[in-house]
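Enquirer: Please read through the structure below; I'll follow up with questions.
The values are calculated or read from the model by the stated rules, or taken from the named source; none is laboratory data. Worth saying up front: this structure is predicted, and the values here are computed from it rather than measured. Note that each Cβ is placed from the backbone with ideal geometry, even for glycine, and that neighbours are counted across all protein chains shown. Note: accessible area is taken over every heavy atom of the protein model, side chains too, but ligands, DNA and RNA are not part of it. Shrake-Rupley method; radii C 1.70, N 1.55, O 1.52, S 1.80 Å.
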Amino acid sequence: MPEADYDMRLLKYYYMCLLHEASKFLIMLFIFSRFHAGTRFLVAALVLCTLRHNMGGIHFKQYWSCFGFSLAFFAVVIAMAEFFQVNLVVQIITICLCILITFLIGPVQSSTRPAMDKKHFVRYRNTACIIMAACMVLFICMKSFTYRDLIYWVIVFQTLQLFVAKIYERRKKNETLHK
């Protein structure tokens, strides 16, 4: 597929995503701000957006199911960061495992996103691994980093989401093959 054709279809996909995501983002920002967690939501959203763009994950066909899952994802991540702090050594080991899992299973894309070729697959996978490695280096260099636990839990839950999405994707392919 020509690079320009892929880029045009990807641009259309991103435009639609932007419209849907912006509305969900504003509603969630309002909700988390009401619970004095607006800043933590913004940090988690920034990290998740950079990872999810490159990793993919679980996708829903309906706006409200996507919104509900996203709201639950952020609520769990923020709560885990607040109530379950993990020591730095365990965080580093876990992030290394997350990088390995991401490298081995690669991105899982939405069925509505234009199919990517091997070159794009490798680029997105490697970028996700680099982002997680950069977070790990940040954790090592700045041991008292305020949002360390929050970013850690975003990485862990996003990797878990990627893993679940990959299992679902493989099951769907197997069902299609056996029909």
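Enquirer: Set the Förster distance to 30 Å, then compute FRET efficiency between TYR13 and VAL164 from the Cβ-Cβ distance, nearest 0.05.
Expert: Calculated value: 0.85.
Enquirer: While we're on this one: Enumerate the helices in the chain for which the Kyte-Doolittle hydropathy averages 1.0 or more and the C-alpha atoms extend at least 15 Å along the helix's axis, using complete DSSP H runs.
Expert: Long hydrophobic helices here: 63-83, 88-105.
Enquirer: Report the dimensions of the range 37-108 along its three principal axes from the alpha-carbon atoms, largest first, rounded to Å.
Expert: Largest to smallest, the principal-axis extents are 39, 32, 16 Å.
Enquirer: Could you list the residues of the range 149-163 with an amide nitrogen less than 11 Å from a label point located 7 Å from the Cα of VAL86 in the Cα-to-C-beta direction?
Expert: Correct set: 149-160.
Enquirer: Rounded to the nearest 0.05, what FRET efficiency do HIS20 and LYS172 give with R0 = 25 Å and r taken as the Cβ-Cβ distance? Could you check?
Expert: E between HIS20 and LYS172, to the nearest 0.05, is 0.65.
Enquirer: Using amide H atoms built in the peptide plane, which far-off residues or other-chain residues are under 5 Å from VAL108 H to H?
Expert: GLY56, GLY57
Enquirer: Using a 7 Å offset from the Cα along the Cα-to-Cβ direction at both PHE121 and TYR6, what is the distance between the two label points in nm, to one decimal?
Expert: Rounded to a tenth, the inter-label distance reads 1.1 nm.
Enquirer: With a cut-off of 8 Å between alpha carbons and a minimum separation of six or more residues, what is the relative contact order of the range 91-135 in percent?
Expert: Values: 20 pairs, mean separation 25.1, N = 45.
Dividing the mean separation by the residue count of the range 91-135 yields 56 percent.
Enquirer: Now for a separate question. Can you find, among PHE67, ASN174, ILE101, the residue sitting farthest towards the positive end of the charge dipole of the range 58-179, where Lys and Arg contribute +1 and Asp and Glu -1 at Cβ?
Expert: The residue sitting most towards the positive pole is ASN174.
Enquirer: A follow-up question, please. Under the definition of Cα pairs under 8 Å and six or more residues apart, what whole-number percent is the relative contact order of the chain?
Expert: 34 percent
Enquirer: For LYS143, which aspartates and glutamates qualify as cross-link partners when the Cα separation must be under 19 Å and same-chain residues fewer than eight apart are set aside?
Expert: Counting by Cα, and skipping residues close in sequence, LYS143 has these aspartates and glutamates nearby: GLU82.
Enquirer: Anyone know which of CYS98, CYS66, CYS17 comes out most mobile in the 10 Å Cα GNM of the chain?
Expert: CYS17
Enquirer: Then there's this: Just name one of LEU19, LEU150, ILE58: the one whose Cα is farthest towards the positive end of the charge dipole of the chain (beta-carbon charges, Lys/Arg +1, Asp/Glu -1).
Expert: The residue sitting farthest along the positive end of the dipole is ILE58.
Enquirer: Another question, if that's okay. With a/c under 1.5 counting as rounded, go ahead and sort the range 75-119 into rounded, prolate or oblate using the C-alpha gyration tensor (a ≥ b ≥ c being the square roots of the eigenvalues; past the cut-off, prolate if a/b is larger than b/c, else oblate).
Expert: Oblate is the answer for the range 75-119, as a/c is 1.5 or above yet b/c matches or exceeds a/b.
Enquirer: Please report, in cubic angstrom per residue, the volume enclosed by the convex hull of the alpha-carbon atoms of the range 23-179.
Expert: So the per-residue Cα hull volume is 118 Å³.
Enquirer: Also, I was wondering about something else. Taking the full set of protein chains and a 1.4 angstrom probe, give the accessible area of THR176 in square angstrom, rounded to the nearest 10.
Expert: THR176 has an accessible surface of roughly 100 Å² with all protein chains in place.
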